[in-house]
Amino acid sequence: MDFELTEEETLVRDMAREFAQKELAPRAKQHDKQGFIDQAVFDGLAELGLWGLTVAEEYGGAGMGNLALALVLEELNAACASTGVTVSVHNSLVCSPLGKFGSEDQKREWLPRLATGEVLGCYSLTEVSSGSDAASLRATAVRDGDEWVLNGTKMWVTTGDRAGFIIVYMRTDPDVHKSKGITAFLVPAGLPGFSVGKKEKKTGIRGSTTVELIFENVRVPHTSVLGEVDRGFPIAMDTLDGGRIGIGAQAVGIGQACLDASIKYANEREQFGKPIGRFQAIQWKIADMSARLNASRLLVRQAAWLRDRGRPCSREAAEAKLLSSTMANFCADECLQIHGGAGYTDEFPVERFFRDARITEIYEGVTDIQRLVIARSLLR
Ligand code: CAA
C-alpha cells in the first residue's frame with residue numbers, strides 16, 4: 001500500500017496551501033461577516049487553475065482527479081470553508097458530471113469556460129418538499145417540439161446567484177415510479193423566466209451564497225438534456241458520490257484548523273501556573289481530535305482514489321462523509337471547549353469553525369442518509 005502522493009499532487013496541494021494561508025485565511029472572517037466571497041479570491045482561484053482542476057486538459061482544465069481535488073479542498077477549507085464549498089460544488093457537482101455524462105457538443109460549449117472560472121456552475125436538485133427524499137421532486141419539464149419548458153422552484157442552491165450555468169433536475173414523466181421520470185438539464189442562467197429567489201441567512205459558511213432558483217416557463221432546446229430523458233436521477237446520485245468526497249475533504253480541512261488552533265492555544269494559554277496543554281484533560285482532547293482527523297483523512301482519500309479509478313465508491317464516499325463530518329463537529333466542539341470563553345467570541349476563528357462544521361453533517365446528504373446508503377449496500 002502506497003501512501004505517498006505523486007509529485008503533481010504534492011505540488012498542487014502546496015500551491016493550494018500557500019494560497020489558502022496568504023489569501024483566504026486573512027479574509028475568512030470578512031467573508032463570514034459580509035455574506036459573500038471577495039472577487040479577488042475568485043480571480044486568484046482562476047489564476048491557479050483551481051476551477052478547472054478536474055476538467056480534462058482537452059477542455060482547458062488541469063485534468064487531475066478526485067484525490068487532487070480532496071487535497072486542495074482540505075487546504076482551502078482549513079482557511080475558509082465558504083470558499084472551500086464553492087470550489088467543491090463547481091468541480092464535483094458541475095464539471096465532473098458534465099465531463100462524464102455530457103455529449104461532445106455540450107462539453108465543448110461549457111467546460112472551457114467552467115475550467116477558467118469565467119462561468120461558475122451550480123447543482124440544483126432540492127426543493128421545499130424534497131430534501132433527503134430527493135426523488136420526490138416536483139418541478140417539471142414538458143416537451144414542446146424541439147424544446148423543453150421548465151417550471152418550478154429549487155432550493156438550497158450553492159452559488160446559485162453567481163452561477164452562469166446550472167445543472168437542474170426536473171420531472172419529465174409524472175406517471176412512472178418517482179426516481180425513473182427525472183431528467184437533468186443544462187441551463188444557462190438568465191434565460192427569460194429564470195430568476196434568483198430568496199437568499200438564505202445561514203448559521204455558518206456565510207460567505208458561500210445559498211439561494212432559491214425560480215423557473216417560470218423557461219425554454220431550453222432538447223440539446224440541453226444531460227444524458228438520457230427520464231434517466232437523470234442516477235446522474236444526480238453518481239454526482240453526489242463525488243460531492244460527498246468533496247464535503248468529506250471540507251470536514252477534514254475544518255478538523256485540521258480546529259486541531260491546529262487547539263494546539264496553539266494549549267501551548268500559549270496558562271492556568272494554574274503552566275500552559276493548559278500540560279494538563280491531561282487537554283492532552284486527551286487533542287489526542288482524540290488527531291486520531292479521528294487522520295482516520296477521516298484516510299477514508300476521504302481512499303474514496304477519492306477509488307473514484308479516480310472508476311471503481312464503485314458510493315459506500316466509501318458515504319462512509320468518508322459520515323466519519324469526517326461527525327469528526328469535524330467533534331473537533332470544533334473540543335476546540336471551542338479548550339478555548340473556553342474566548343472561543344465563544346469572534347476574537348478567535350473558533351466560533352466560525354464551530355458554525356461552519358455543522359453544515360458538513362447536513363448538505364449533500366444528511367448524516368442519516370449516509371448511514372442509509374452504507375447500510376443498503378451492506379444488507380442488500
Ligand atoms: N450512483 C448511480 N446511480 C445510483 C446511485 C449512485 N450512487 N444511487 C442510486 N442510484 C440509482 C439506482 O440504481 C436507481 O436506478 P434505477 O432507476 O436504474 O433503478 C435510482 O438511482 C434510484 O435509486 P434509489 O432507489 O436508491 O433511490 P431512493 O429514492 O431510495 O433515494 C437516497 C436514495 C440515497 C435516499 C437519495 O434520495 C439521496 O441521496 N438523498 C439525499 C439527497 C442529497 O444528498 N441532497 C443534497 C443535494 S445538493 C446540496 O446539498 C446543496 C449543495 O449545493 C451543496
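Here is how the numbers come out for the structure above:
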| item | result |
| --- | --- |
| From SER129, SER136, residue being within 16 Å of the ligand (Cβ to nearest atom) and over 21 Å from LEU93 (Cα atoms) | SER129 |
| Single condition GLY207 does not satisfy, out of (1) part of a strand (DSSP E or B); (2) of a type outside the set (Lys, Arg); (3) touching a helix residue (DSSP H, G or I) at 6+ places or on another chain (Cβ under 8 Å); (4) within 15 Å of the ligand (Cβ to nearest atom) | (1) |
| Every pair of residues 6+ apart whose Cβ atoms lie under 8 Å, when the first sits in region 253-266 and is free of Cβ contacts under 8 Å to residues at least 24 places away in the same chain and in the same structural domain as ALA328 (by TED's automatic domain parsing) while the second is in a helix (DSSP H, G or I) and aliphatic (A, V, I, L, M) | ILE263/ILE286 |
| Of residues in region 152-179 being open to solvent by 50 Å² or more (accessible area, probe 1.4 Å) and over 16 Å from LEU120 (Cβ atoms), the one nearest to the ligand (Cβ to nearest atom) | TRP156 |
| Subset of region 46-65 (residues that are part of a helix (DSSP H, G or I), touching a Gly at 6+ places or on another chain (Cβ under 6 Å) and either in contact (Cβ under 8 Å) with a residue 24 or more places away in the chain or within 21 Å of ASP241 (Cβ to Cβ) (or both)) | ALA46 |
| Selection from region 332-345 of residues that are part of a helix (DSSP H, G or I) and either open to solvent by 40 Å² or more (accessible area, probe 1.4 Å) or closer than 17 Å to VAL252 by Cβ (or both) | ALA332, ASP333, GLU334, CYS335, GLN337, GLY341, TYR344 |
| Selection within region 346-374 - within 27 Å of ALA261 (Cα to Cα) and open to solvent by 60 Å² or more (accessible area, probe 1.4 Å) | ASP346, GLU347, PHE354, ARG358, ILE362 |
| Set ALA261, ALA257, ALA291: member being of a type in the set (A, V, I, L, M, F, W, C), more than 16 Å from the ligand (Cβ to nearest atom), surrounded by fewer than 21 Cβ atoms within 10 Å (Cβ to Cβ) and not in a strand (DSSP E or B) | ALA291 |
| Every residue from region 38-63 that is of a type in the set (A, V, I, L, M) and surrounded by fewer than 24 Cβ atoms within 10 Å (Cβ to Cβ) | ALA40, VAL41, ALA46, LEU48, ALA56, ALA62 |
| Residue within region 81-96 that is assigned to a loop (DSSP other than H, G, I, E, B), touching a residue at least 12 places away in the same chain (Cβ under 8 Å) and not aromatic (Phe, Trp, Tyr) present | no |
| Pairs with Cβ under 6 Å, 6+ apart, first in region 236-251 and within 20 Å of GLY131 (Cβ to Cβ), second at pLDDT below 95 and open to solvent by 10 Å² or more (accessible area, probe 1.4 Å) | none |
| Residue match in region 310-323 (condition: open to solvent by 30 Å² or more (accessible area, probe 1.4 Å), in the same structural domain as ALA357 (by TED's automatic domain parsing) and within 15 Å of the chain's Cα centre (by Cα)) | yes |
| Residues of region 82-106 satisfying the condition of being surrounded by fewer than 20 Cβ atoms within 10 Å (Cβ to Cβ) and either charged (D, E, K, R) or within 14 Å of the ligand (Cβ to nearest atom) (or both) | LYS100, GLU104, ASP105 |
| Residue list for region 107-126, filter: more than 19 Å from ARG244 (Cα to Cα) and open to solvent by less than 10 Å² (accessible area, probe 1.4 Å) | LEU111, LEU114, ALA115 |
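The values are calculated or read from the model by the stated rules, or taken from the named source; none is laboratory data. None of these values were measured; they are calculated from a predicted model. Because the Cβ atoms are built from the backbone with ideal geometry, glycine has one as well, and the counts that use them run over all protein chains shown. Just the protein is used for accessible areas: all its heavy atoms, side chains included, with ligands, DNA and RNA removed. Shrake-Rupley method; radii C 1.70, N 1.55, O 1.52, S 1.80 Å.
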